[in-house]
């Protein structure tokens, strides 16, 4: 699974994005084992980090790993509930860095094979609360949505016609690398 650090290696640095968009908050869906949280916490300009996962073991491990970092908050809930609950409280921020990574590898979590991918709903929720904001959104593992992969369940509601499903959200595709799996959206 690619990480935030790998995104920087393959696409663009978080520092460069922060200089352009001035975000101080990161919101992540899908914390897994906390690699992206760890990388984000190394930046002094990211003052608040929020993450969620539906896997209680992942959440517990990340909470233990980051217990000394009070600016990191991790929640055991699905990404839709998390975003609906969190985003109204962040309305005063003009820009947020979103790392959307809520999906599951069959080999890691076979019991989640029947759960639909949450990306379109996540984008709808972000759009509902943040339509007039200057956010940065990175979709990790975007190839799970646009090309067939043996490792992923494909009964989700996203058309397999590339990035067509993004048009309604009024974001610019700033960087798209289907091989490394990153899609960078900005306004």
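The values are calculated or read from the model by the stated rules, or taken from the named source; none is laboratory data. Only a predicted model underlies this, so the values are computations on that prediction, with no experimental measurement involved. Glycine gets a Cβ as well: all are built from the backbone with ideal geometry, and neighbour counts include every protein chain shown.
Worth a mention:
Condition check ((1) at pLDDT 95 or above; (2) within 27 Å of residue 166 (Cα to Cα); (3) touching a helix residue (DSSP H, G or I) at 6+ places or on another chain (Cβ under 8 Å)) across all residues:
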| site | (1), (2), (3) |
| --- | --- |
| 61 | yes, no, no |
| 72 | yes, no, yes |
| 79 | no, yes, yes |
| 82 | yes, yes, no |
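- Residue in the stretch 92-111 that is in a helix (DSSP H, G or I), under 17 Å from residue 21 (Cα atoms) and either at pLDDT 85 or above or under 15 Å from the mean Cα position of the chain (by Cα) (or both) present: no
- Index of the failed condition, residue 53 passing every other in (1) farther than 17 Å from residue 185 by Cβ; (2) crowded, with 20+ Cβ neighbours inside 10 Å; (3) modelled with pLDDT of 95 or more: (3)
- Reported count of residues in the stretch 1-28, each being modelled with pLDDT under 95 and either buried (at least 19 other Cβ atoms within 10 Å of the Cβ) or part of a loop (DSSP other than H, G, I, E, B) (or both), is 8.
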